[in-house]
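The values are calculated or read from the model by the stated rules, or taken from the named source; none is laboratory data. Quantities reported herein were computed from a predicted structural model and do not represent experimental measurements. Using ideal geometry, Cβ is built from the backbone for each residue, glycine included, and neighbour counts are taken over all protein chains shown. Side chains included, ligands, DNA and RNA excluded: accessible areas come from the protein's heavy atoms. Shrake-Rupley method; radii C 1.70, N 1.55, O 1.52, S 1.80 Å.
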Amino acid sequence: MGPLDREMAQRRGQRKLDAMKRRTGQLRRRVIATAIVGFVALWTMVFVQMATGNDPALGTGPVAKKHAAVERKRRKLEASSPPPREEVEEVPSTEELEASASSSVEAEQAEAERVEAEQFEIEQREAEAHELEELEAITTGQS
């Protein structure tokens, strides 16, 4: 191999190396550009969703609706329950004792009706609480 052939082989080798470096650089630039464009596109989509009020974290699907229904039911139950009564014993006067003696039968009937009404109210609350527990089990996936 002569000096001319050797120089041509070196030039050819150098051109091949330059072409490989050029392709490597182009490929790196394409990958970086694609990654940046994809990142910007995804975040733009997220920001547009949030700006239009369609924030996925707030949840408007069927599960979120069930949770909202359970929460409304719980609040309604809490609001409907009367505050705890304070039991204060009053000392009846003699007039009240005389009046109560004459109407003891009526008082017993009234007391029985009151107890029955309270028992009915307690049963209603227990039924609502049971229904609320069933709804919570459904929404949390526990059965």
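Couple of notes before you dig in:
- Residue within the range 28-41 that is at pLDDT 70 or above and surrounded by 11 or more Cβ atoms within 10 Å (Cβ to Cβ) present: no
- Which numbered condition SER143 fails, given (1) among the small types (Gly, Ala, Ser); (2) outside any helix (DSSP H, G or I); (3) modelled with pLDDT of 85 or more: (3)
- Test: residue in the range 51-64 that is farther than 30 Å from ALA129 by Cα, among the aliphatic types (A, V, I, L, M) and either open to solvent by less than 100 Å² (accessible area, probe 1.4 Å) or at pLDDT 85 or above (or both): yes
- Of all residues making up the range 99-126, the number that are modelled with pLDDT of 65 or more and loosely packed, with under 11 Cβ neighbours inside 10 Å: 17
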